[in-house]
1. Efficiency by 1/(1 + (r/R0)^6): what FRET value for residue 51 and residue 79, r their Cβ-Cβ distance, R0 = 35 Å, to the nearest 0.05?
2. Once each part is reduced to its C-alpha centroid, what is the distance from the range 45-76 to the range 95-109 in angstrom?
3. Sequence-distant or interchain residues sharing an amide H contact under 5 Å with residue 95, placed H: which?
4. Using the alpha carbon gyration tensor of the range 37-123, what are the three equivalent-ellipsoid semi-axes (square root of 5 times each eigenvalue), largest first, in whole Å?
5. For the peptides 55-63, 75-83, what is the packing order when you average, over each peptide's residues, the other Cβ atoms within 10 Å and list the highest mean first?
6. Taking the highest mean first, how do the peptides 102-109, 84-91 order by number of other beta carbon atoms within 10 angstrom per residue?
7. At 7 Å along Cα-to-Cβ for each site, give me the label-to-label distance between residue 102 and residue 38 in nm.
8. For 101, 120, what ranking results if the residue with the fewest other Cβ atoms within 10 Å of its Cβ goes first?
Amino acid sequence: MNVESSMIFARLSPARPNRPLTCLAFSFWAITTAPGAAAQTDTAALQTLMQRNNCTACHQIDKRKYGPNFKEVAVRYASDAKAVATLAAKIKAGGNGVWGEDPMPPQPHVTDADARTMAELIMALKP
Ligand code: HEC
């Protein structure tokens, strides 16, 4: 490293002399604690059910569309022991007033089993 580039390096990371090491440690942490195969399967299962039941017209798992995204739903009810039952009922009946002005129309085509499974998979998204 010549004098000029080491000065630039010093200016870029004055307070973190061991930054490359920290990055390496972080990458290792990110790889070893990445969502396991089970979590990925759950997201895929939820996505499949959402497509089959036409929820994707208004919802996405991690981005807002017309309705709330399912990660924020999981966060909102994280400490609610009855969340799965409440959400399964709302998935079929629809409703309004929780996330804003837009109503969710009833979804009579959704089977009880699908509603329950989707509610469980949505709640499994909580961090
Ligand atoms: C026409 C658009 C639309 C469709 C289709 C739709 N939703 Fe919704 N959904 C909404 C809106 C809007 C809200 C917010 C309602 C509110 O504020 O109470 C919502 C809310 C929700 C919530 C949060 C409920 C709560 O009380 O916090 C869940 C869970 C949900 N939807 C799941 C589903 C599932 C699963 C499907 C597919 C069967 C589906 N939605 C289909 C628009 C839709």
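1. Efficiency at R0 = 35 Å is approximately 0.75.
2. 13 Å
3. Under 5 Å from the amide H of residue 95: 104.
4. 18, 15, 14
5. Highest mean packing first, the order is 55-63, 75-83.
6. 84-91, 102-109
7. 3.3 nm
8. Ranking 101, 120 by Cβ neighbours within 10 Å, fewest first, gives 101, 120.
Coordinate-derived values only; no laboratory data. Since the model is a prediction, treat every value here as computed from it, not as a measurement. All Cβ positions, glycine included, derive from the backbone under ideal geometry; neighbour counts span all protein chains shown.
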